[in-house]
1. Considering only residues that are within 11 Å of LEU396 (Cα to Cα) and within 14 Å of the ligand (Cβ to nearest atom), which ones fall in the range 326-337?
2. Within the range 43-62, can you find the residues that are over 12 Å from THR76 (Cα atoms) and of a type in the set (Lys, Arg)?
3. Could you tell me whether ILE66 is of a type in the set (Val, Ile, Thr), more than 19 Å from LEU120 (Cβ to Cβ) and buried (at least 16 other Cβ atoms within 10 Å of the Cβ)?
4. Inspect all residues belonging to the range 235-251 and state whether any of them is within 20 Å of the chain's Cα centre (by Cα), in a loop (DSSP other than H, G, I, E, B) and of a type in the set (D, E, K, R).
5. Give all pairs with beta carbons closer than 6 Å in which a residue from the range 186-198 that is touching a residue at least 24 places away in the same chain (Cβ under 8 Å) and in a strand (DSSP E or B) meets a residue that is surrounded by 16 or more Cβ atoms within 10 Å (Cβ to Cβ) and among the small types (Gly, Ala, Ser); count only pairs at least 6 apart in sequence or on separate chains.
6. Would you confirm whether any residue within the range 213-224 is of a type in the set (Gly, Ala, Ser), surrounded by fewer than 20 Cβ atoms within 10 Å (Cβ to Cβ), within 16 Å of the ligand (Cβ to nearest atom) and closer than 29 Å to GLU389 by Cα?
7. Only one residue in PHE286, PHE341 is in contact (Cβ under 8 Å) with a residue 12 or more places away in the chain, touching a strand residue (DSSP E or B) at 6+ places or on another chain (Cβ under 9 Å) and among the hydrophobic types (A, V, I, L, M, F, W, C). Which one?
8. Tell me which residues, restricted to the range 273-294, are assigned to a helix (DSSP H, G or I) and more than 9 Å from the ligand (Cβ to nearest atom).
Amino acid sequence: MNTYDKYPTLRLRRGKEESLDRFHPWVFSGALARMPQGEIEEGAVVRVEAADGRLIGVGHFQIGSIAVRMLDFGDTVVDEAFYAHRLDDAWKMRRALGLQRADNDAFRLVHGEGDFLPGLVIDVYGSTAVVQAHSPGMHYARHIIAGYLPALDGAGITNVYYKSETTLPYKARLDPVNDYLIGRADDDVAIENGLRFHVDWLRGQKTGFFVDQRDNRSLLEHLSHGRRVLNMFCYTGGFSVYAMRGGAELVHSVDSSAKAIALTEENVRLNFPDDPRHAAFAEDAFKYLDHTDAGAYDLIVLDPPAFAKHRSALRNALQGYRRLNAAGIAKVAPGGLVFTFSCSQAVSREQFRLAVFSAAAQTGRRVRILHQLTQPADHPVNIYHPEGEYLKGLVLYVE
Ligand code: SAH
């Protein structure tokens, strides 16, 4: 089928097709020959053409600095079959990775551009899929997407919760409502590598749990034995519970949010009831480190929220990472480990490493990098969209 009669066309300025010819999935508004003045509805599917009229592909139109998120490079009709195909592909990959099994049912099914579905995130917790739209186009497609999820063979999805009140552009005035689109869950426990977690997709941050730290939590488990562990920015207590299973001597969890501390305590109880090794504190991380005695912990996790949500905040963010890491490196016991992370997309791997390097230098201690960490395989990076690589981490050995 030809898309010419079906979708409105946007024409690029001369020379602006280069990145698209290399399959980069974003069209910036400045690349358009003319920004439509209200004649194209936000969220609509559009055709994108080079200045000479050559068809480049189809995508979701949006008002903002990214004007089109490309869905396909070619003359493709974006219908139910299109979404079904992409979702099948995403599930096929997770299935091959062995992420849905008796002892693991929490994973990311769709990771935006990494699954050729820009603007869409889907996390699965047991029989519930949490769908998050980041673009008006995906908001309009939500019922098609949700409707198809129970049909994914072997995925076991029976409930679909839509959660986009905070992720859609406010100006688009879509007034999304967080609610179930299909079914309703009566169980909120998900299993990650045999550990059980309450996931609060109704009130929690993002989709309710950070599945992106799964592999890094496993690594920490294997390095926790006999160590006194401090888990900073603990949120749901993921790292804490793994450290306990790994045989940590004690585990302290810190988060400035009292709700997060309650969640952490609940999850520790779920896996290790009445275990005296764990304690949790609702406090600011910087303050907590300030009054921590040097040498009190042998393993410190620093997993703060994104310090830079946008490029403009980069300088302050790097300063924040420097300060936090200097405090952590200064306080860890000799022979101790620091697991340090940045989930800011605007901060590159190099910039993060440089911030940690300056922090280490500031403390004057001997520091070596043991592991360089990233996001797990269910958060794939589309090779033509390097911006999709957002999670960066280092494991430091501090003498
Ligand atoms: N490590 C977690 C994810 C961390 S999310 C995991 O594996 O799931 C970031 C957390 O940092 C949030 O829970 C937020 O409440 C907390 N936070 C934000 N600012 C903070 C601060 N200044 N001090 C302590 N915690 C903070």
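1. Taking the range 326-337 first, the residues within 11 Å of LEU396 (Cα to Cα) are 328-329, 332, 335-337.
Scanning the range 326-337 gives a single hit, GLY328.
2. Initial filter on the range 43-62 (over 12 Å from THR76 (Cα atoms)): 43-44, 49-54, 60-62.
Listed by number, the list holds a single entry, ARG54.
3. Details: of a type in the set (Val, Ile, Thr): yes; more than 19 Å from LEU120 (Cβ to Cβ): no; buried (at least 16 other Cβ atoms within 10 Å of the Cβ): yes.
No, not satisfied.
4. No, the range 235-251 has no match at all.
5. Here the result reads ALA190/ALA106; ALA190/GLY126; GLU192/ALA106; PHE197/ALA190, each pair linking the range 186-198 to a residue that is surrounded by 16 or more Cβ atoms within 10 Å (Cβ to Cβ) and among the small types (Gly, Ala, Ser).
6. To start, the set of residues in the range 213-224 that are of a type in the set (Gly, Ala, Ser) comprises 218, 224.
Next, only the ones that are surrounded by fewer than 20 Cβ atoms within 10 Å (Cβ to Cβ) stay: 218.
Narrowing the set further to residues that are within 16 Å of the ligand (Cβ to nearest atom) leaves 218.
Applying the additional criterion that residues be closer than 29 Å to GLU389 by Cα yields 218.
Checked the range 213-224: at least one residue is of a type in the set (Gly, Ala, Ser), surrounded by fewer than 20 Cβ atoms within 10 Å (Cβ to Cβ), within 16 Å of the ligand (Cβ to nearest atom) and closer than 29 Å to GLU389 by Cα.
7. Numbers: PHE286 fails: touching a strand residue (DSSP E or B) at 6+ places or on another chain (Cβ under 9 Å).
Step by step, each of PHE286, PHE341 is checked, and only PHE341 is in contact (Cβ under 8 Å) with a residue 12 or more places away in the chain, touching a strand residue (DSSP E or B) at 6+ places or on another chain (Cβ under 9 Å) and among the hydrophobic types (A, V, I, L, M, F, W, C).
8. Residues of the range 273-294 assigned to a helix (DSSP H, G or I): 285-290.
Selection gives LEU289, ASP290.
The numbers here are math on the coordinates, done by the rules we state, and not lab data. Note that the structure is predicted; figures quoted are calculated from it, not measured. Using ideal geometry, Cβ is built from the backbone for each residue, glycine included, and neighbour counts are taken over all protein chains shown.
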